[in-house]
Amino acid sequence: MNTSRQQVLVLFVAGLSAIAAGTAYLGTVDGSGLWLRAVLAAGVLTAILAILWFNLDANHPVGQPDAPFTGLGPGNTVSVLRGLILALLAGLIPPFANGAWPQARAAAAVLVVVFMLLDLLDGWLARRTNRASLLGERLDIETDSAGLFVVSLLGALWHLLPPWYLGVALLRPLFVAGQALRVRNGLTNHPWPASDSRRRAAAWQSILMVGSVWPGTDRQLIELGAWIVALLVAAGFGRDWLWMTGTWTAGGTFNQRWQWARYVVRSWLPVSLRPLTVLGGVTMLAEPVVPLEGLPAQALAAVVGVSLPAVLTGVGLRTGSAVLVCTTGLLSIWLPFNVSMALAVAGGMLLFVEGCHRYVLRVPWLKTDAPPVNPRPRRIARQ
């Protein structure tokens, strides 16, 4: 047995020990469904480690299958730690009886935050130690997919997320199943291009997952974010499916028209959204008849005020938009959720996805997006 497989078995035993300790602690505060919690947690951990076990042949540098790595490496070990965190979250899925353990939601929020932060660490460690591999990529993708399903199910059972959001968690498994079905039927799966918007939608999906279990977050705010994220993710999978099936091609007429329409919309949409988003933010802060009580609320209001000029001018627009959305969610603890908050959240998320593009500080020649095709190319004068 090689070193990698030995490490997988050690991690499996260590993970089961952590689950047993967590189950024993839950037994002291709420004994309802204790065995079901333990089985769910062990099942999630087993599934993550099974993915690792059956893909160990891919533990080699990209394009060098004859030079396998020795051991899992720090990046894959962190990915397994993320799988253990998912297992502990799965142990919280069955609803606690009558709030027998009121800290359950806080514990879930901490675990989700750690899970998201480790997602940034595993890839960085793999690149820093020159241990990037196809195994790490597969494990990271499958862990992300499992994490989305576990957190969505947890949020739905705790009535924090709308139940239909579980459909978003099933989009990737359905996409992969569709790929396998096409291969079985002898059809070709074409590659699809990389997309920055896909990564940004995934970032907002992570923020939504944290916000859905964070204590005190307004449910209306979560539902609004769920609709926006669901539309972004579904549009991304729909576009990738058209590319994969060959319906959408790089040289096709549809792609040419789509690129031009995308250029026009993305050039002007951020400009039109900025004043609306700022108006929503200013109205949100001006609506309370009495001043915000407590230092945390006043500090958050100050952060919103600072982020509004960044959104309006386009300088640091994505950072300002992200800060605006997150602080609006925290302010919903002190303020009732209203239309201005919805406008600030929706506009901030769309601005984060689209970026600055055409105008920064209202200077038209600072373009960050160019048309894909020049309809009237200049003639080069002969020397």
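List of remarks:
- Of everything in the range 52-79 that is among the aliphatic types (A, V, I, L, M) and over 13 Å from ARG138 (Cα atoms), the residue that is surrounded by the fewest Cβ atoms within 10 Å (Cβ to Cβ) is ALA67.
- Residue match in the range 212-227 (condition: part of a helix (DSSP H, G or I), among the aliphatic types (A, V, I, L, M) and loosely packed, with under 15 Cβ neighbours inside 10 Å): no
- Boolean, ALA322 is in contact with a helix residue (DSSP H, G or I) (Cβ under 7 Å, 6 or more places away or on another chain) and small (Gly, Ala, Ser): yes
- Condition check for ILE333: farther than 20 Å from GLY316 by Cβ, open to solvent by 40 Å² or more (accessible area, probe 1.4 Å) and either at pLDDT 50 or above or part of a helix (DSSP H, G or I) (or both): yes
- Verdict on ALA310 being among the small types (Gly, Ala, Ser), touching a residue at least 24 places away in the same chain (Cβ under 8 Å) and touching a helix residue (DSSP H, G or I) at 6+ places or on another chain (Cβ under 8 Å): no
- Odd one out for LEU88 among (1) within 16 Å of the chain's Cα centre (by Cα); (2) open to solvent by 20 Å² or more (accessible area, probe 1.4 Å); (3) not basic (Lys, Arg): (1)
- One residue stands out among those in the range 183-202 that are open to solvent by less than 40 Å² (accessible area, probe 1.4 Å) and among the small types (Gly, Ala, Ser): the one that is nearest to THR245 (Cα to Cα), which is SER195.
- Every condition in (1) over 30 Å from GLY355 (Cα atoms); (2) without any contact (Cβ under 8 Å) to a residue 40 or more places away in the chain; (3) open to solvent by 20 Å² or more (accessible area, probe 1.4 Å); (4) not β-branched (Val, Ile, Thr) holds for ALA156 except the one numbered (3).
- Cβ-Cβ under 8 Å pairs, at least 6 apart or on other chains, the range 160-189 side touching a residue at least 60 places away in the same chain (Cβ under 8 Å) and under 30 Å from ARG105 (Cα atoms), far side outside any helix (DSSP H, G or I) and of a type in the set (Val, Ile, Thr): LEU160/THR217
- Residue count for the range 173-191 satisfying the condition of being closer than 19 Å to GLU142 by Cβ and not in a helix (DSSP H, G or I): 1.
- Tally, over the range 13-53, of residues that are in contact (Cβ under 8 Å) with a residue 60 or more places away in the chain and not in a helix (DSSP H, G or I): 3
- Among (1) without any contact (Cβ under 8 Å) to a residue 60 or more places away in the chain; (2) open to solvent by 20 Å² or more (accessible area, probe 1.4 Å); (3) not charged (D, E, K, R), the one test that LEU269 misses: (1)
The values are calculated or read from the model by the stated rules, or taken from the named source; none is laboratory data. Treat the numbers as computed from the prediction; the structure is a model and nothing was measured. Quick reminder, even Gly has a Cβ in these numbers, built from the backbone with ideal geometry, and neighbours come from all protein chains shown. Only protein heavy atoms, including side chains, enter the accessible area calculation; ligands, DNA and RNA are left aside. Shrake-Rupley method; radii C 1.70, N 1.55, O 1.52, S 1.80 Å.
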